[in-house]
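Engineer: This is the structure, below, for whatever I ask next.
The values are calculated or read from the model by the stated rules, or taken from the named source; none is laboratory data. Everything quoted here is computed from the prediction, not taken from an experiment. A quick note on method: Cβ atoms are made from the backbone with ideal geometry, for glycine too, and the neighbour counts reach across all protein chains shown.
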Amino acid sequence: MSVLSFQNIVMIPFTICSVIMFQGCDSDVTCKNDSGHDVDWFILYKLPAGLSYYYMDESTSGWRLSAKQIDSVTGALGNTLKPLLDFYDKKTEGFGYMLYNDQPSNKEIPAPFTFGHSKGVVLLNRMGGVWLSHSTPRFPNYLSKVFWPNTAYVNAHTFMCVTYPYEQFIQIGIQLRYIRAYSFDSYLPRNFDNNLRCVSLHGCSPRRPPWFSVMTLTSTSGRNFSSFAKYTRFGDLYYGLIVNKALQNLHVKSWEKMRQPLLSNCNHYVDNVKMLKSTRRTHFTFTQDHSEWSVTEDGSWTCIADMNIVRSRMTRGGGSICTDDPVVGKAFFRLIPDSGYE
């Protein structure tokens, strides 16, 4: 082998590494755990009256009390949001994001009722990204590296993050159209999916029935999640969509510090959760808990939503991400007193 040929062979991996370095590590937009490692998905449950939270992913076998606080830049949320926080400084090429919230952090008043009662974060590049659904008003803080809002200390909140390949964001964009998510901050390059771009510009809504969309979304690791999205004209998310998929008794936890909560209805297999217990044996009521989730009695179906089970939400868009992981289901069902699980 000639010296020139050997030099060419040596230069090939160096060139590839240089390209990857200057592209800014495209594969790095993923859900992260408390240690900063990539995970396919995670669920957080922030506890009332403080910043402590329970953490769960496929490696924890249920809830684990985090040693971090939820506003920490080195916790699961901070690690996951790092590409966004870095973008504020260096405008990473090929990166895009959309932040949506019916109570946006850059406005004093809520979004118009023509938009969905929904909250979430989309971060992605052309390799893939994350869809982070949550229940926290004014999250994250607008254009700030201090991402946790000072209004979100008192109540409990839930977060669900899933890492998806880029192609799935075409479907996610469609779901957000049905929800009619209120985008309050975004940057999406022109070569990104048009559905996401349209939602970010407040220009998208369904034009004809059906006024709902149910899709299977597949994570980067191949796990399936069910996405439910409903437009303003559909009705209730839980009675009308999720319970038809669950086909069994559904326990729903939502924010009921509002007028006209929907009553529990045995005929429709929907029950409102009024009291919760943490794994520290302490109890708290729905008035301290701004999370929105539902679980079947056998733990075979769990949904993390951004919509309450109240009459006023029947005329607004909203959605839910559901998993059939029994470990997740039992972890949530154990939070219900007298559930039979310890």
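Engineer: Return yes when Ser59 is surrounded by 15 or more Cβ atoms within 10 Å (Cβ to Cβ) and free of Cβ contacts under 8 Å to residues at least 40 places away in the same chain and no when it is not.
Structural biologist: When the stated conditions are applied, Ser59 does not pass them.
Engineer: With the requirement that a residue be among the aliphatic types (A, V, I, L, M) and in contact with a Gly (Cβ under 9 Å, 6 or more places away or on another chain), what does the range 198-235 give you?
Structural biologist: Passing the criteria: Val199, Ala229.
Engineer: Would you call Thr80 free of Cβ contacts under 8 Å to residues at least 24 places away in the same chain, farther than 23 Å from Val214 by Cα and of a type outside the set (Lys, Arg)?
Structural biologist: no
Engineer: Exactly one of (1) farther than 27 Å from Gly329 by Cα; (2) under 15 Å from the mean Cα position of the chain (by Cα) is unmet by Asn191. Its number?
Structural biologist: That leaves (2) as the condition not met.
Engineer: Among Arg259, Arg233, which is modelled with pLDDT under 80 and among the charged types (D, E, K, R)?
Structural biologist: Arg259
Engineer: Would you kindly identify the strands (runs of 3 or more DSSP E) lying entirely within the range 1-120 that contain at least 3 residues that are modelled with pLDDT of 95 or more and farther than 30 Å from Lys277 by Cβ?
Structural biologist: Passing ranges, in order: 96-101.
Engineer: Would you mind stating whether Met307 is at pLDDT below 80, buried (at least 19 other Cβ atoms within 10 Å of the Cβ) and under 28 Å from Asp40 (Cβ atoms)?
Structural biologist: Spelling it out, Met307 is indeed at pLDDT below 80, buried (at least 19 other Cβ atoms within 10 Å of the Cβ) and under 28 Å from Asp40 (Cβ atoms).
Engineer: Among the residues of the range 313-320, is any surrounded by 14 or more Cβ atoms within 10 Å (Cβ to Cβ), at pLDDT below 80 and closer than 28 Å to Gly222 by Cα?
Structural biologist: no
Engineer: While we're on this one: Working only within the range 102-148, note down all residues that are aliphatic (A, V, I, L, M), surrounded by fewer than 21 Cβ atoms within 10 Å (Cβ to Cβ) and under 22 Å from Lys91 (Cα atoms).
Structural biologist: Correct list: Met127, Leu143, Val146.
Engineer: While we're here: In the range 77-101, which residues are of a type in the set (S, T, N, Q) and surrounded by 24 or more Cβ atoms within 10 Å (Cβ to Cβ)?
Structural biologist: Correct list: Thr80, Asn101.
Engineer: Quick check on my filter: what residues within the range 71-96 are in contact with a strand residue (DSSP E or B) (Cβ under 6 Å, 6 or more places away or on another chain) and of a type outside the set (Gly, Ala, Ser)?
Structural biologist: Answer for the range 71-96, where residues must be in contact with a strand residue (DSSP E or B) (Cβ under 6 Å, 6 or more places away or on another chain) and of a type outside the set (Gly, Ala, Ser): Asn79, Thr80, Pro83, Leu84.
Engineer: For the range 220-241, which residues satisfy the criterion of being touching a helix residue (DSSP H, G or I) at 6+ places or on another chain (Cβ under 7 Å) and part of a loop (DSSP other than H, G, I, E, B)?
Structural biologist: Answer for the range 220-241, where residues must be touching a helix residue (DSSP H, G or I) at 6+ places or on another chain (Cβ under 7 Å) and part of a loop (DSSP other than H, G, I, E, B): Tyr231, Thr232, Phe234, Gly235, Asp236.
Engineer: Something else about it: Name the residues in the range 149-167 that are closer than 15 Å to Phe225 by Cβ and either aliphatic (A, V, I, L, M) or surrounded by fewer than 23 Cβ atoms within 10 Å (Cβ to Cβ) (or both), would you?
Structural biologist: Met160, Val162, Pro165, Glu167
Engineer: Moving to a separate point now. Given Asn244, Asn267, which one is in a helix (DSSP H, G or I) and at pLDDT below 75?
Structural biologist: Asn267
Engineer: Here's a follow-up. What are the pairs, 6+ residues apart or on separate chains, where a residue within the range 309-332 that is under 11 Å from Glu292 (Cβ atoms) and among the polar types (S, T, N, Q) has its Cβ under 9 Å from a residue that is at pLDDT below 95 and part of a helix (DSSP H, G or I)?
Structural biologist: Qualifying pairs under 9 Å: Ser320/Leu237; Ser320/Tyr238; Ser320/Leu241; Ser320/Ile242.
Engineer: Also, I was wondering about something else. What is the number of the single condition among (1) in contact with a Phe, Trp or Tyr (Cβ under 9 Å, 6 or more places away or on another chain); (2) without any contact (Cβ under 8 Å) to a residue 40 or more places away in the chain; (3) surrounded by fewer than 16 Cβ atoms within 10 Å (Cβ to Cβ); (4) among the small types (Gly, Ala, Ser) that Ser205 does not meet?
Structural biologist: Checking Ser205 against (1) in contact with a Phe, Trp or Tyr (Cβ under 9 Å, 6 or more places away or on another chain); (2) without any contact (Cβ under 8 Å) to a residue 40 or more places away in the chain; (3) surrounded by fewer than 16 Cβ atoms within 10 Å (Cβ to Cβ); (4) among the small types (Gly, Ala, Ser), the one that fails is (3).
Engineer: While we're looking at this one, here's another question. In the range 171-188, what residues are farther than 17 Å from Asp102 by Cα and either aromatic (Phe, Trp, Tyr) or over 16 Å from the mean Cα position of the chain (by Cα) (or both)?
Structural biologist: Result: Tyr187, Leu188.
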